[in-house]
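The values are calculated or read from the model by the stated rules, or taken from the named source; none is laboratory data. As the structure is a computational prediction, the values presented were derived from the model and not from experiment. As a convention, Cβ positions derive from the backbone with ideal geometry for all residues, glycine included, and neighbour counts pool all protein chains shown. Accessible surface is based on the protein model in full, side chains and every heavy atom, while ligands, DNA and RNA are left aside. Shrake-Rupley method; radii C 1.70, N 1.55, O 1.52, S 1.80 Å.
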Amino acid sequence: MGSALVLAGESAAVLDRLQDVRAAFTAAEHARAGRFRSPAARDDYVAAHLLVRSCAARVAGVPPTSLTLRHLCPGCGGSDHGQPYVPELPGISVSLSHTRGHVAAVAGEGDVAVDAEAVRPGAPSAAVCRQALTAAEAAAVVADTRPGVAFALRWTYKECIVKLGEASLGTLHHIETPSGLFPADIPVQHAGRWVLQWGADQGTVCGTALTSGIPALENLNTCNMPTLRRC
């Protein structure tokens, strides 16, 4: 299996560098963006859709404006939600995520998933722990010196499992997050796939990508290039 590319960064940086890619948006994307009441949430949505096109284009070696982003729900067959895909690139899988002011995307062969989560101050509530964590994980998060980071790392990992169709939001408290998978920006092999996590050092936004091929991470916030190129 080949490599995978993960792009992450602030929504504002993506909008600034990739605004021309918006010309490739579908009518459905324009309509969805227009329904956001919050300008900040709208920017996050648009930035994520720009970034995932750029990510897939980089992997395939094609212009991002030549790519269409669509969705397909494996359950109901709906096209307004579900797993994203690029019809022009049938051999490349994509995933995208957006949180408050931050977006992430991944593209590569085989199964891929990405999730980003803004770190909240303090420990999560007992209700959130019961819903999202095992008892052992909840105890570890509460005892951590940075419980918000500890929770975000575990949450994004589990969200990726959900996006891969291997769990649901209602079963997250049964999934044990593998220990030792959080070295910053370093891919780790686990259970037949690659796990890449980032953001623990900064403590503001954490992310996880699960990929079939070895993933490479580019953080837009630390890249001074005028366009999206490998730093």
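Set Lys and Arg Cβ to +1 and Asp and Glu Cβ to -1, take the dipole of the chain about its Cα centre, and tell me which of VAL103, GLN189, GLN131 lies farthest positive.
Working it through, the farthest residue towards the positive pole turns out to be VAL103.
Name the most mobile residue of ASP115, ASP44, ASP16, meaning the one with the largest mean-square fluctuation, in a Gaussian network model of the chain with Cα contacts below 10 Å.
Per the Cα network of the chain with a 10 Å cutoff, ASP16 tops the list.
For ALA167 and ASP201, compute 0.36 nm times the residue count separating them, minus their Cα-Cα distance, and round to one decimal in nm. Walk me through the numbers before you get to the answer.
Working: separation 34, 0.36 × 34 = 12.24 nm, distance 2.82 nm.
Result: 9.4 nm gained on full extension.
Under a Cβ-Cβ cut-off of 9 Å, what is the net charge of the residues other than SER93 that fall near it, where Lys and Arg count +1 and Asp and Glu count -1?
Details: positive: none; negative: GLU109, ASP111.
That sum, taken over residues with Cβ under 9 Å, equals -2.
Zone of THR145 (label point 7 Å along Cα→Cβ, backbone N under 11 Å): which residues in region 175-215?
None, by backbone N distance to the label point.
When the accessible area of region 78-152 is computed with all protein chains present and a 1.4 Å probe, what percentage of it is carbon and sulfur?
That fraction is 56 percent.
Roughly how big is the chain's charge dipole about its Cα centre, with Cβ charges of +1 (Lys, Arg) and -1 (Asp, Glu), in debye to the nearest 20? Walk me through the numbers before you get to the answer.
Numbers: 19 positive and 20 negative charges, 76 e Å.
For the chain, the charge dipole is close to 360 debye.
Pulled fully out, how much extra length does the chain show between GLN83 and ASP185, if you take 0.36 nm times their separation in residues and subtract their Cα-Cα distance? Walk me through the numbers on the way to the answer.
Numbers: separation 102, 0.36 × 102 = 36.72 nm, distance 2.51 nm.
Result: 34.2 nm gained on full extension.
Can you sort THR68, THR171 by solvent-accessible area, 1.4 Å probe, largest first? Present the calculation step by step, with values, prior to reporting the outcome.
Details: THR68 30, THR171 50 Å².
The ranking, largest first, comes out as THR171, THR68.
Just how far, in whole angstrom, is region 10-64 from region 141-207 if you go by their alpha carbon centroids?
Value for the Cα centre distance between the two parts: 25 Å.
With every protein chain in place, what's the accessible area of LEU50 (1.4 Å probe, Å², nearest 10)?
Estimated to the nearest 10 Å², LEU50 gives 0 Å².
Identify which of GLU137, GLU88, GLU117 has the largest mean-square fluctuation in a Gaussian network model of the chain, with springs joining Cα atoms closer than 10 Å.
Residue with maximal mean-square fluctuation among GLU137, GLU88, GLU117: GLU88.
Which of GLY192, GLY110, GLY213 ends up with the largest GNM mean-square fluctuation for the chain, with Cα atoms connected below 10 Å?
GLY192
With only Lys, Arg, Asp and Glu charged, each at its Cβ (+1 for the first two, -1 for the last two), find how big the charge dipole of region 101-231 is about the Cα centre; round to the nearest 20 debye.
Rounded to the nearest 20 debye, it is 160 debye.
Please give me the summed charge of the neighbours of LYS158: other residues whose Cβ is under 11 Å from its Cβ, Lys and Arg +1, Asp and Glu -1.
Working: positive: ARG154, LYS163; negative: ASP115, GLU117, GLU137, GLU159, GLU166, GLU176.
Neighbourhood net charge equals -4.
Within region 28-91, list the trypsin sites (Lys or Arg not before Pro) lying in a DSSP loop whose Cβ has at most 11 other Cβ atoms in a 10 Å radius.
On the way: sites: ARG32, ARG35, ARG37, ARG42, ARG53, ARG58, ARG70; in loops: ARG35, ARG37.
Sites meeting the loop and neighbour criteria: ARG35, ARG37.
Find the accessible area per residue for region 1-65; the probe is 1.4 Å, ligands and nucleic acids are left out, and the unit is Å².
Details: 2900 Å² over 65 residues.
On a per-residue basis, 45 Å².
Is region 24-118 best put as rounded, prolate or oblate by its Cα gyration tensor, with a ≥ b ≥ c the root eigenvalues, rounded for a/c under 1.5, and otherwise prolate when a/b is larger than b/c, oblate when not?
On the way: a/c = 1.45, a/b = 1.31, b/c = 1.11.
Because its axes are fairly even, with a/c under 1.5, region 24-118 counts as rounded.
Using θ = phi - 60° and the Karplus curve 6.51 cos²θ - 1.76 cosθ + 1.60, what whole-Hz ³J(HN,Hα) does each residue of region 117-131 get, with Gly and Pro shown as x?
Ordered by residue, 3J(HN,Hα) equals 9, 5, 6, 8, x, x, 7, x, 5, 4, 5, 5, 4, 5, 6 Hz.
How large is the helix-only mean residue ellipticity at 222 nm for the chain, computed as the sum of -39500 (n - 2.57) over DSSP H runs with n ≥ 4, divided by its residue count, in deg cm²/dmol to the nearest 500?
Working: 6 runs with 71 residues, N = 231.
Only helices count here, giving -9500 deg cm²/dmol.
Would you mind counting up the charge near GLY203? Only other residues with Cβ under 13 Å from its Cβ, with Lys and Arg at +1 and Asp and Glu at -1. Numbers along the way, then the final one.
On the way: positive: ARG120, ARG146; negative: GLU117, ASP144, ASP201.
Here the count lands on -1.
Take the alpha carbon gyration tensor of region 143-228, find the square roots of its eigenvalues, order them as a ≥ b ≥ c, and report rounded if a/c is under 1.5; if not, report prolate when a/b exceeds b/c, else oblate. Please list the in-between numbers first.
Details: a/c = 1.90, a/b = 1.34, b/c = 1.42.
Oblate, since a/c reaches 1.5 and b/c is not below a/b.
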